[in-house]
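Asker: Take a look at the following structure, please.
The values are calculated or read from the model by the stated rules, or taken from the named source; none is laboratory data. Values in this document were obtained by computation on a predicted structure and should not be read as measured data. Cβ placement follows ideal geometry from the backbone for every residue including glycine, while neighbour counts extend to all protein chains displayed.
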Amino acid sequence: MTDKDSEYILPEHVSRTLGREAQRNNILAAKVIADIVKTTLGPRGMDKMLVNSSGEVIVTNDGVTILEEMEIDHPAAKMITDIAKTQESEVGDGTTTAALLAGTLLAEAEKLLERKIHPTVIAKGYRLAVGEALRILQILAIPVKSKEVLKQVVMTAMTGKGAEGNKEALSELIVQAVDQVAEKKEISLSDIKIQKLKGESVQDSTLIQGMIIDKERSHSEMPSLVSKARILILDCALELKSPESETKISISSPDQLNSFLESEENRLKEMADLLIASGASVIFCQKGIDDVLQYYLAKAGIFACRRVAKSDLEKIAKATGGKIISQLRDVHLSQLGSADEVEEVRKGEDFLVYIRGCSNPHAVTILLRGSTQHILDELERAVKDGLGDVIAAIKSGAVVAGGGAVEIELSKQLRVFARSLGGREQLAVDAFANSLECVPEALAENAGLDPIDILAELKRKHETGSATHGLNLFTNQIEDMLSAGIIEPLKVKTQAISSAAEVASMILRIDDVLISKGPDSNAKKINNPYRDID
Ligand code: ADP
Ligand code: MG
């Protein structure tokens with residue numbers, strides 16, 4: 001059947017791409033994505049400058065941020081972007097590696113397709129290779145025994161990022177922060193608040209006990225400091241509902257107007273009485289607070305912040321032991337959170353609210369300083385990578401050698417495994433082994449080194465039994481990565497390898513792409529990316 005034949009059954013607005021053409025097109029898209037992120041891999045990777053439709057500028061080295069901001073249209077390319085996102089949410093780091101590996105796996109698969117090897121055979125070979133790679137990784141994994149190892153993990157994650165110059169100090173902060181929130185093994189990135197504040201410089205960043213939010217009290221007559229705070233956390237508005245747009249209020253005399261205003265004020269007064277009666281001395285509200293109500297609260301000596309972000313509200317609840325309340329009538333003293341002190345602090349032009357001495361001693365905030373918003377944003381991404389890595393290292397309890405060492409070792413052992421297989425899957429496992437070399441290759445290329453020489457030297461080392469030798473980009477030498485302290489959490493690699501292989505196999509199995517432009521003939525013409533290829 002051809003593309004033409006399907007015109008008999010498909011409506012006009014559906015276009016169809018079939019067979020090898022569809023495959024070739026999808027693989028090309030994946031390769032393009034891999035090429036884009038490749039130059040950012042590793043400590044010597046370059047940054048990308050992205051400008052969105054509203055003119056906002058982002059300068060970053062972070063794989064997932066680049067892919068998200070590119071607003072990619074191509075369906076297969078989107079699938080690669082999605083694995084970077086999964087990598088980000090599951091581990092918090094390794095997004096470039098995952099996208100690069102997925103693209104390379106598809107590029108290698110293409111060579112096999114040219115040799116008439118069926119996509120399902122390649123997919124099966126890749127599945128076998130992943131199973132074996134995960135088994136080998138468990139053997140190569142080194143248990144985390146000390147905080148020093150965690151610090152090295154953070155430093156490896158931050159090398160080459162905006163945080164590079166201060167990574168010693170920042171990694172200390174990150175490890176301390178995680179140490180404080182680590183209760184069981186159940187730590188997550190959301191337990192640690194990162195607050196950015198423009199001004200001073202990166203090395204002035206600090207770890208603060210308790211919470212900080214970038215808000216100010218809503219009324220200047222409210223106290224700026226409350227000790228022994230009892231904290232009410234609300235996600236409902238402290239305003240009177242605005243009348244529906246159709247509601248007409250007909251007022252024909254000044255008396256009527258007065259009584260209407262009075263009734264409004266009475267309702268606000270009632271609300272204020274409820275809030276005061278709750279025993280709260282501090283209120284954090286996700287929505288707005290009416291001006292009149294603010295005045296009543298100020299008179300009662302209550303500190304209140306409005307329009308607090310939901311994510312902050314959740315963190316405040318966790319830190320102070322309070323409940324998030326949606327109905328004012330339900331407020332009960334036992335639902336209030338507590339902290340030793342809530343204070344509004346002015347820093348330059350900005351206001352911050354500090355919540356110190358929270359009832360939950362595990363609440364911590366990393367206060368990041370930096371001279372511009374771009375620096376702060378990139379710093380935040382680097383710190384998040386570092387945090388994600390420490391948490392991943394603690395959770396899986398193991399690390400592996402970085403600098404391409406683990407990829408080369410896996411590749412070597414997979415080639416041995418391939419020889420144990422009969423049939424054409426063997427070729428796919430070999431292709432998988434070749435693909436893994438994309439990591440050291442990109443690391444070398446980005447540092448201006450010759451990837452061919454580096455790969456040859458690395459392979460020679462691994463053949464002679466040095467399983468942890470990789471490319472040290474501080475010295476540009478092939479060295480033992482463990483003694484150089486270039487290590488990464490095991491989870492970064494297991495996640496990147498499994499999800500890259502999964503998406504590569506999924507894309508390989510697609511041989512028919514149907515794109516609907518929507519039945520509306522006036523609908524905006526959607527670009528069919530499958531039409532533009534050779
Ligand atoms: P990702 O988004 O995949 O985490 P990065 O740009 O953070 O991408 O680069 C990670 C890679 O850089 C890893 O393979 C890691 O081992 C490597 N790497 C980090 N520091 C060094 C170093 N000093 N020398 C060599 N390789 C390094
Ligand atoms: Mg990284």
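Asker: Among the residues of segment 161-190, what is the count of those that are farther than 21 Å from residue 367 by Cα and either part of a helix (DSSP H, G or I) or under 19 Å from the mean Cα position of the chain (by Cα) (or both)?
Answerer: 1
Asker: Ok, one more. In the set 112, 100, 128, 105, which member is surrounded by fewer than 20 Cβ atoms within 10 Å (Cβ to Cβ), part of a helix (DSSP H, G or I) and out of contact with any Pro (no Cβ under 6 Å at 6 or more places or on another chain)?
Answerer: On the way: 112 fails: surrounded by fewer than 20 Cβ atoms within 10 Å (Cβ to Cβ); 100 fails: surrounded by fewer than 20 Cβ atoms within 10 Å (Cβ to Cβ); 105 fails: surrounded by fewer than 20 Cβ atoms within 10 Å (Cβ to Cβ).
Answer to the selection: 128.
Asker: Quick check, is residue 442 within 16 Å of ligand 1 (Cβ to nearest atom), out of contact with any helix residue (DSSP H, G or I) (no Cβ under 6 Å at 6 or more places or on another chain) and touching a residue at least 40 places away in the same chain (Cβ under 8 Å)?
Answerer: Numbers: within 16 Å of ligand 1 (Cβ to nearest atom): yes; out of contact with any helix residue (DSSP H, G or I) (no Cβ under 6 Å at 6 or more places or on another chain): no; touching a residue at least 40 places away in the same chain (Cβ under 8 Å): yes.
It is false that residue 442 is within 16 Å of ligand 1 (Cβ to nearest atom), out of contact with any helix residue (DSSP H, G or I) (no Cβ under 6 Å at 6 or more places or on another chain) and touching a residue at least 40 places away in the same chain (Cβ under 8 Å).
Asker: Okay, moving on. Looking at 328, 367, 352, which one is in contact with a helix residue (DSSP H, G or I) (Cβ under 8 Å, 6 or more places away or on another chain), hydrophobic (A, V, I, L, M, F, W, C) and in contact (Cβ under 8 Å) with a residue 24 or more places away in the chain? Please lay out each step first, then the result.
Answerer: Details: 367 fails: in contact with a helix residue (DSSP H, G or I) (Cβ under 8 Å, 6 or more places away or on another chain); 352 fails: in contact with a helix residue (DSSP H, G or I) (Cβ under 8 Å, 6 or more places away or on another chain).
Answer to the selection: 328.
Asker: What about residue 153, is it within 16 Å of ligand 2 (Cβ to nearest atom), modelled with pLDDT of 90 or more and part of a helix (DSSP H, G or I)?
Answerer: On the way: within 16 Å of ligand 2 (Cβ to nearest atom): yes; modelled with pLDDT of 90 or more: yes; part of a helix (DSSP H, G or I): yes.
The answer is yes for residue 153.
Asker: Restricting to segment 384-406, name every residue that is within 15 Å of ligand 2 (Cβ to nearest atom) and within 19 Å of the chain's Cα centre (by Cα).
Answerer: Within segment 384-406, 384, 385, 386, 387, 388, 389, 390, 391, 392, 393 meet the criteria.
Asker: Pick out, from segment 6-80, the strands (runs of 3 or more DSSP E) lying fully within it that include 3 or more residues that are in contact with a Pro (Cβ under 9 Å, 6 or more places away or on another chain). Lay out the reasoning, then the answer.
Answerer: On the way: elements: 14-18, 48-51, 57-60.
Qualifying strands (runs of 3 or more DSSP E): none found.
Asker: Another question, then. Which ones in segment 45-97 are out of contact with any His (no Cβ under 8 Å at 6 or more places or on another chain), hydrophobic (A, V, I, L, M, F, W, C) and more than 16 Å from ligand 2 (Cβ to nearest atom)? Working first, answer last.
Answerer: Our first condition is that a residue be out of contact with any His (no Cβ under 8 Å at 6 or more places or on another chain); within segment 45-97, this holds for 45-56, 60-97.
Okay, now just the ones that are also hydrophobic (A, V, I, L, M, F, W, C), so 46, 49-51, 64, 66-67, 70, 72, 76-77, 79-80, 83-84, 91.
Those that are out of contact with any His (no Cβ under 8 Å at 6 or more places or on another chain), hydrophobic (A, V, I, L, M, F, W, C) and more than 16 Å from ligand 2 (Cβ to nearest atom): 49, 50, 51, 70, 72, 76, 77, 79, 80.
Asker: Across segment 381-405, what is the total count of residues that are more than 19 Å from residue 86 (Cα to Cα), touching a strand residue (DSSP E or B) at 6+ places or on another chain (Cβ under 8 Å) and part of a helix (DSSP H, G or I)?
Answerer: Qualifying residue count, segment 381-405: 1.
Asker: Among (1) surrounded by fewer than 20 Cβ atoms within 10 Å (Cβ to Cβ); (2) touching a helix residue (DSSP H, G or I) at 6+ places or on another chain (Cβ under 6 Å); (3) among the charged types (D, E, K, R), there is one condition residue 191 misses while meeting the rest; what is its number?
Answerer: The failed condition is (1).
Asker: Would you say residue 37 is among the hydrophobic types (A, V, I, L, M, F, W, C), within 17 Å of the chain's Cα centre (by Cα) and within 23 Å of residue 501 (Cα to Cα)?
Answerer: yes
Asker: Could you grab me the full set of residues in segment 142-165 that are crowded, with 19+ Cβ neighbours inside 10 Å and free of Cβ contacts under 8 Å to residues at least 60 places away in the same chain?
Answerer: Matches in segment 142-165: 151 only.
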